[in-house]
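The structure appears below as structure tokens.
The values are calculated or read from the model by the stated rules, or taken from the named source; none is laboratory data. Keep in mind the model is a prediction, meaning the values are calculated, not measured. So basically every Cβ, Gly included, is an ideal-geometry build from the backbone, and we count neighbours across all protein chains shown.
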Amino acid sequence: MHIGIDLDGTVTDPQSCFHYMNDALGYAIDYHQATEYELHTYTDMTQEAFWRFMIEQGHEEAIYRRSLPHSEVNAVLWNMRKAHRLHYVTARSEAVRAVTEEWIRQHDLPLDSLIMTGSHDKVGVVKQLELDLFMEDRYENAISIHEQTSIPVLLFDAPYNRKPLPTGVKRITSWNEAQHIVRHIATTNSITI
Ligand SMILES: [Mg+2]
């Protein structure tokens, strides 16, 4: 199978960005109560102003560099890679490709294919690469990918994505669970999850 995998909050620990906001920028966000995915919503800045600030002050690269990997992701991805093609599909922009690739290598994760969309719209990439399965943590992405391509989507549980899911989008809580589902799909040739 060709599997699409989001980076932030999926390969990285979803708490990473919130920790950075608190430790480096002085916010006091309670991750467990976080209902919003977009970090600027925790500030008094607009999305555009927030990311301009993050880029200009070097915080964008720092937040990616300091992120920690999700638990179990390392072993599971190397295992999956034996039988499947893995494609990281991130909303990060090409401007941060170097720091992103460095982080992936530093944490000893497989790196064969990295697509940087620079926007939340990943549907075009899913179609272009003819992906069979996608893994995400952003609720809106999971829904739109499934609705517009019909492929199954695994949504990594996080406080900010706890909303009702349609059939075909499955909430999971660990990379080991993802591995079991991938095995099930591959061995039964069924995309019903
Ligand atoms: Mg994400």
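The table below gives the values:
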read-out	value
Out of Met45, Met1, sole residue that is under 28 Å from Pro152 (Cβ atoms) and more than 16 Å from the ligand (Cβ to nearest atom)	Met1
Residue in the range 161-168 that is surrounded by 15 or more Cβ atoms within 10 Å (Cβ to Cβ), in a strand (DSSP E or B) and not assigned by TED's automatic domain parsing to the domain that holds Thr35 present	no
Failed criterion for Ile185 (all others in (1) at pLDDT 95 or above; (2) over 13 Å from the mean Cα position of the chain (by Cα); (3) surrounded by 17 or more Cβ atoms within 10 Å (Cβ to Cβ) hold)	(1)
So Thr41, is it of a type in the set (S, T, N, Q), in a loop (DSSP other than H, G, I, E, B) and not assigned by TED's automatic domain parsing to the domain that holds Arg162	no
Residue satisfying all of: in the range 47-74; among the small types (Gly, Ala, Ser) and in a loop (DSSP other than H, G, I, E, B); surrounded by the most Cβ atoms within 10 Å (Cβ to Cβ) among these	Ser67
Which listed residue is modelled with pLDDT of 95 or more and within 16 Å of the ligand (Cβ to nearest atom), from Leu155, Leu111	Leu155
Complete set of residues in the range 23-38 that are assigned to a helix (DSSP H, G or I) and either of a type in the set (Gly, Ala, Ser) or free of Cβ contacts under 8 Å to residues at least 24 places away in the same chain (or both)	Asp23, Ala24
Scan of the range 99-114 for residues that are among the charged types (D, E, K, R) and under 16 Å from the mean Cα position of the chain (by Cα), ordered by number	Glu101
Flag for Arg52 being without any contact (Cβ under 8 Å) to a residue 12 or more places away in the chain, more than 16 Å from the ligand (Cβ to nearest atom) and basic (Lys, Arg)	yes
Condition check for Arg97: part of a helix (DSSP H, G or I), surrounded by 13 or more Cβ atoms within 10 Å (Cβ to Cβ) and either small (Gly, Ala, Ser) or more than 16 Å from the ligand (Cβ to nearest atom) (or both)	yes
Residues (acidic (Asp, Glu) and in a helix (DSSP H, G or I)) located in the range 144-160	Glu147
Asp137 vs. criteria more than 16 Å from the ligand (Cβ to nearest atom), in the same structural domain as Leu77 (by TED's automatic domain parsing), of a type outside the set (A, V, I, L, M, F, W, C) and buried (at least 16 other Cβ atoms within 10 Å of the Cβ)	no
